[in-house]
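**Student:** Starting off with a structure, shown below.
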Amino acid sequence: MRDYSLQHKKAWEYNAYDFWVATSGTPEERAAKDKENPLKMLKWHAQYFDSFKGVKVANICGSCGKKAVPLALLGADVTVFDISEDNKRYAMETAEAAGAHIGYEVCDVLDIDLSKYGEYFDVVFMEGGILHYFHDIDEFMGKMYELLKKGGKIICSDFHPFTKVMDTLGLEQPTMSYFSTEVFEGEMAHARFFNEEERKKVPKCKYRKYTISEIINAIIRTGFTLERFDEKPSWNNPNLPGEFAAIGIK
């Protein structure tokens, strides 16, 4: 595992289970919401799935299972890949409470075992801001390509690169030149929710933020046919970009 991945693992295992309980409810409470309307829990990402039943989905950096459990309830065969044991615990307990089955591999995504998962999945799906955890986007996209069957689909949704220059999502991350290629140290996503004393103790992460062209060109360069690129407004200001989704076919 890479040095920066080890650092990210420490950050994402810092009180993560208790954080999810505090913000999303107990696994039983979260499961009840998932069961009530799993399609709604997928939010705007649902439109990118052609079908669910029997579809093999790799949920990349799937965290607490907030998308994996609804996908499983809709009939998908979901495997989460994530670096945090705490995230796995919450996700698996939620899945059990919901009566859904998900697989969960705790690992560095770049180290996924291709002898087991190479060309295995119909869809690789990611959302919620993960690209900045990987310092070589070509290496990352290459791994996604290797996980997919021929004709498979990548659904790459992430924070809009505009957030490099303006904190449109209120994530309290430092801003910089849009064209910066710097790797910088910053707080992990949850740190801002802790009290000030606790916040100081949360391990930092090392980020590399990308431009739109870097993301699109990495997808194309890897061998995907880019099918669609959508932009979504910020959660805090509908006049500014907040998220995007890039859809590619192997």
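The values are calculated or read from the model by the stated rules, or taken from the named source; none is laboratory data. These figures come from a predicted structure and were not determined experimentally. A quick note on method: Cβ atoms are made from the backbone with ideal geometry, for glycine too, and the neighbour counts reach across all protein chains shown.
**Student:** Restricting the first residue to region 18-41 and requiring it to be closer than 10 Å to Thr94 by Cα, which pairs with a second residue that is of a type in the set (D, E, K, R) meet a Cβ separation below 6 Å and a spacing of at least six or different chains?
**Tutor:** Pro27/Glu93
**Student:** Is at least one residue of region 38-61 among the hydroxyl-bearing types (Ser, Thr, Tyr), in contact with a Gly (Cβ under 8 Å, 6 or more places away or on another chain), surrounded by fewer than 24 Cβ atoms within 10 Å (Cβ to Cβ) and at pLDDT 95 or above?
**Tutor:** No, region 38-61 contains no residue that is among the hydroxyl-bearing types (Ser, Thr, Tyr), in contact with a Gly (Cβ under 8 Å, 6 or more places away or on another chain), surrounded by fewer than 24 Cβ atoms within 10 Å (Cβ to Cβ) and at pLDDT 95 or above.
**Student:** What do you reckon, is Asp113 under 24 Å from Ser5 (Cα atoms), surrounded by 24 or more Cβ atoms within 10 Å (Cβ to Cβ) and acidic (Asp, Glu)?
**Tutor:** no
**Student:** Within region 107-125, track down each residue that is more than 14 Å from the chain's Cα centre (by Cα), in contact (Cβ under 8 Å) with a residue 24 or more places away in the chain and outside any loop (DSSP other than H, G, I, E, B).
**Tutor:** Asp111, Leu114, Tyr117, Phe121, Asp122, listed by residue number.
**Student:** In region 182-232, what residues are touching a Leu at 6+ places or on another chain (Cβ under 9 Å) and surrounded by fewer than 16 Cβ atoms within 10 Å (Cβ to Cβ)?
**Tutor:** Hits for region 182-232 are Arg192, Ile220.
**Student:** Continuing with the same structure: Can you name every residue in region 86-115 that is charged (D, E, K, R) and closer than 28 Å to His135 by Cβ?
**Tutor:** Asp86, Lys88, Arg89, Glu105, Asp108, Asp111, Asp113
**Student:** Show me the helices (runs of 4 or more DSSP H) found entirely inside region 1-103 where at least 2 residues are more than 26 Å from Lys116 (Cβ to Cβ) and of a type in the set (Gly, Ala, Ser).
**Tutor:** Answer list for region 1-103: 16-24, 27-36.
**Student:** A further question follows. From Ala91, Ala97, which residue is among the hydrophobic types (A, V, I, L, M, F, W, C) and more than 24 Å from Ile155 (Cβ to Cβ)?
**Tutor:** Numbers: Ala91 fails: more than 24 Å from Ile155 (Cβ to Cβ).
Matching residue, one of Ala91, Ala97: Ala97.
**Student:** If you don't mind, another one. Across region 231-240, what is the number of residues that are within 7 Å of Thr168 (Cβ to Cβ) and touching a strand residue (DSSP E or B) at 6+ places or on another chain (Cβ under 8 Å)? Don't jump to the end; show me each part of the working.
**Tutor:** Step one: list which residues in region 231-240 are within 7 Å of Thr168 (Cβ to Cβ), which gives 234, 236-237, 240.
So of that shortlist, the ones also touching a strand residue (DSSP E or B) at 6+ places or on another chain (Cβ under 8 Å) come out as 234, 236, 240.
Summing the residues that are within 7 Å of Thr168 (Cβ to Cβ) and touching a strand residue (DSSP E or B) at 6+ places or on another chain (Cβ under 8 Å) in region 231-240 gives 3.
**Student:** While we're on this one: Is at least one residue of region 154-167 assigned to a loop (DSSP other than H, G, I, E, B), surrounded by fewer than 15 Cβ atoms within 10 Å (Cβ to Cβ) and touching a Phe, Trp or Tyr at 6+ places or on another chain (Cβ under 8 Å)?
**Tutor:** The answer is yes; a qualifying residue exists.
**Student:** Identify, by number, the condition in (1) farther than 30 Å from Glu13 by Cβ; (2) without any contact (Cβ under 8 Å) to a residue 40 or more places away in the chain; (3) touching a Lys or Arg at 6+ places or on another chain (Cβ under 7 Å) that Gly152 doesn't meet.
**Tutor:** (2) is the only condition that Gly152 fails.
**Student:** Then there is this: Would you please name the residue that is farthest from the chain's Cα centre (by Cα), looking only at residues in region 18-61 that are among the small types (Gly, Ala, Ser) and within 15 Å of Glu127 (Cβ to Cβ)?
**Tutor:** Ala46
**Student:** Out of the residues in region 129-149 meeting the condition of being touching a strand residue (DSSP E or B) at 6+ places or on another chain (Cβ under 6 Å) and crowded, with 18+ Cβ neighbours inside 10 Å, tell me which one is farthest from His8 (Cα to Cα).
**Tutor:** Leu148
**Student:** Also, I was wondering about something else. Do any strands (runs of 3 or more DSSP E) entirely within region 168-250 hold 2 or more residues that are in contact (Cβ under 8 Å) with a residue 60 or more places away in the chain and within 18 Å of the chain's Cα centre (by Cα), and if so, which? Step through it out loud before you land on a result.
**Tutor:** On the way: elements: 183-187, 204-208, 225-233, 241-249.
The qualifying strands (runs of 3 or more DSSP E) are 204-208, 225-233, 241-249.
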